[in-house]
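These notes concern the structure reproduced below.
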Amino acid sequence: MRNPPNKKNQMLPFLAILLAAAAPAADAALPSMAVGVNYGANADNLPPPKDVAAFLATHTTIDRVKLFDANPAFISAFANTHISLAVSLPNSALPSLADRQTGLDAARAWVRANLSPYVPATNVTLLLAGNEILLSPDPTLVVSLLPAMRRLAQALRLEGLTGVRVTTPHYLGILAPSDGIPSNARFRQGYDTKLFPPMLQFHRDTGSPFMVNPYPYFSYNNQTLDYALFRPNRGVYDPNTRLNYTSMFEAQMDAIYVAMNRTGYGDVDIAVGEAGWPTQAEPGQVGVGVEEARDFNEGMLRVVSSGKGTPLMPNRKFETYIFSLFDENQKPGPIAEKHFGILNPDFTPIYDLGLLRQSDSEAPNPSPNPSPNPSPKPAPSGGGKWCVAKAGVSDTDLQNNINYACGYVDCKPIQSSGVCFDPNNVQSHAAFVMNAFYQANGRHDYDCDFKGTGVVTSNDPSYGSCKYVS
């Protein structure tokens, strides 16, 4: 989730706990270059993951994909391709992984269940411990973050997955409020002494990048639009370095670098977990459209992937994931949240970023009937669709399904005193949470796969007061 505008500079309440415990616009065409994308699937009109993986691998220069979960259908889809994956754990999983007594065992179990079956056929290179944890009002998540990252790194080594690095994406609110001059940047008070020095030491020790989500889109106004979009502008002058910044993105990246350097860790690599620009927004909003999205992403690619670098980090490349691959028509929130995509569901570009291979004059058809047209979700009735466990599946596999799905959906109904607790058996509980996961992720058939243990049915499995959503 990207940081909304009203949160980008807020002072977070759990700081007390921590204390106590650009260049001018380019005149050349954008060269074909490798880059990563965020692949979200909160939509009901997207092609199957295998088609997506095949298209990216054969028809684009995209060489990295970032997932927002560890859905096995998505991970396995990229098997035997050159594309590397960044896989995510849910925020809710971190406290159990941080436990001093049981955290390592929990981390090893998660790795064995979610990564080991697919690596090395799928080239997983990053494991992301949650997403923008420091936005959370829950102090337990904050203090769990670094211990969980350490347990995961140790678990990966013990399980033999030494090519997978551990990091976590941060929103730019980790920086103290400032005047926008990069050389004045510093981490928020408390973060600068208690949180980030040991975390950056972890990154240095493990060779993993410090991942940030810089979003000029959430910081621009009518006066700074050209500055945000890499268009010609007067720029922002930094009197301390005597550098003139003509792009907000470069200023944000150098601000992160300055904050890291103040703590003694300017040598740690920086990765861009998310950055993008929407093609649609609320009626009347200035600065949103296809041209604006293209200008921003082209400018960003020149900075991160061409070797140009930033004023304070020249000649560097940055591991970067554009947000996002597709529009997501099921996402909640403002209109813009649904329209960050660079490709249509039929794989034609929404706008040209130069990411299609030169020999591809047009996108191929993805596959016969990849997904239904968008339609309203049916009410719980005989005409709906539900996901349940197949007959004959072992209790062990069903419990694994429960453990996985409960990292992403509300499982209170199957807990003691919950409306779906009875009958108290693993078959009933698994069916309920598998369906909840299937419905929450867009009701695609692959969301009911669960390693071959789930099946979609048109028979409503609801009973008594236990209602299965559809």
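How many residues does the range 18-49 hold that are assigned to a loop (DSSP other than H, G, I, E, B), modelled with pLDDT of 95 or more and open to solvent by less than 20 Å² (accessible area, probe 1.4 Å)?
4
With the requirement that a residue be out of contact with any helix residue (DSSP H, G or I) (no Cβ under 8 Å at 6 or more places or on another chain) and outside any helix (DSSP H, G or I), what does the range 50-78 give you?
Within the range 50-78, 60, 61, 63, 64, 66, 68, 69 meet the criteria.
Within the range 236-284, which strands (runs of 3 or more DSSP E) (wholly inside it) include 1 or more residues that are open to solvent by 20 Å² or more (accessible area, probe 1.4 Å) and among the aromatic types (Phe, Trp, Tyr)?
236-238
Is it the case that the range 378-394 has a residue that's over 30 Å from residue 268 (Cβ atoms), buried (at least 19 other Cβ atoms within 10 Å of the Cβ), modelled with pLDDT of 85 or more and under 23 Å from the mean Cα position of the chain (by Cα)?
No.
Search the range 313-338 for residues being open to solvent by less than 50 Å² (accessible area, probe 1.4 Å) and closer than 22 Å to residue 227 by Cβ, and hand back the single one that is nearest to the chain's Cα centre (by Cα).
323
Among the residues of the range 420-456, count how many are open to solvent by less than 30 Å² (accessible area, probe 1.4 Å), of a type in the set (Val, Ile, Thr) and touching a strand residue (DSSP E or B) at 6+ places or on another chain (Cβ under 7 Å).
1
Part of a helix (DSSP H, G or I), out of contact with any strand residue (DSSP E or B) (no Cβ under 6 Å at 6 or more places or on another chain) and surrounded by 23 or more Cβ atoms within 10 Å (Cβ to Cβ), is that true of residue 107?
When the stated conditions are applied, residue 107 passes them.
The values are calculated or read from the model by the stated rules, or taken from the named source; none is laboratory data. Because the structure is predicted, anything quoted here is derived from the model rather than measured. Counting neighbours? That spans all protein chains shown, and the Cβs are built from the backbone with ideal geometry, glycine included. Just the protein is used for accessible areas: all its heavy atoms, side chains included, with ligands, DNA and RNA removed. Shrake-Rupley method; radii C 1.70, N 1.55, O 1.52, S 1.80 Å.
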